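Okay, structure first, notes after.
All of the numbers you see were taken from the coordinates with simple rules; none came from a lab. Because the structure is a prediction, the values reported are computed rather than measured. No Cβ is skipped: glycine too gets one built from the backbone with ideal geometry, and neighbour counts run over all protein chains shown.
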């Protein structure tokens, strides 16, 4: 579980970076990103979900 939590933490940090980069895009660039994304959520929403996932697991997991 420790390895999984480490990787999830890295994923959370990466999603934060993607959210920040996404927020700097123009509206037309955001439309392009969203059109070709393999999932329905934009990077801002994904970051929220990934962060919540990490935080909830972190509360439950003991090492």
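With helices as the sole contributors, the chain gives -26500 deg cm²/dmol at 222 nm; each DSSP H run of n ≥ 4 counts as -39500 (n - 2.57), and the sum is divided by every residue.
An ellipsoid equivalent to the chain, defined through the eigenvalues of its Cα gyration tensor, has semi-axes of 28, 10, 9 Å when rounded to whole angstrom and sorted largest first. Counting beta carbons within 10 Å around each of 59, 19, 13 and listing the fewest first gives the order 59, 13, 19.
Put a dot 7 Å past the Cα of residue 62, heading toward its Cβ, do the same for residue 41, and the two dots end up 2.9 nm apart. Compared with the alpha-carbon gap, the fully stretched path from residue 25 to residue 7 is longer by 3.8 nm at 0.36 nm per residue. With respect to the chain, whose longest principal axis is taken over its alpha-carbon atoms, helix 2-23 is tilted by about 20°. Against the main long axis of the alpha-carbon atoms of the chain, helix 27-36 sits at an angle near 60°. Remark: the residue 17-residue 49 segment gains 10.1 nm on full extension, using 0.36 nm per residue and subtracting the alpha carbon distance.
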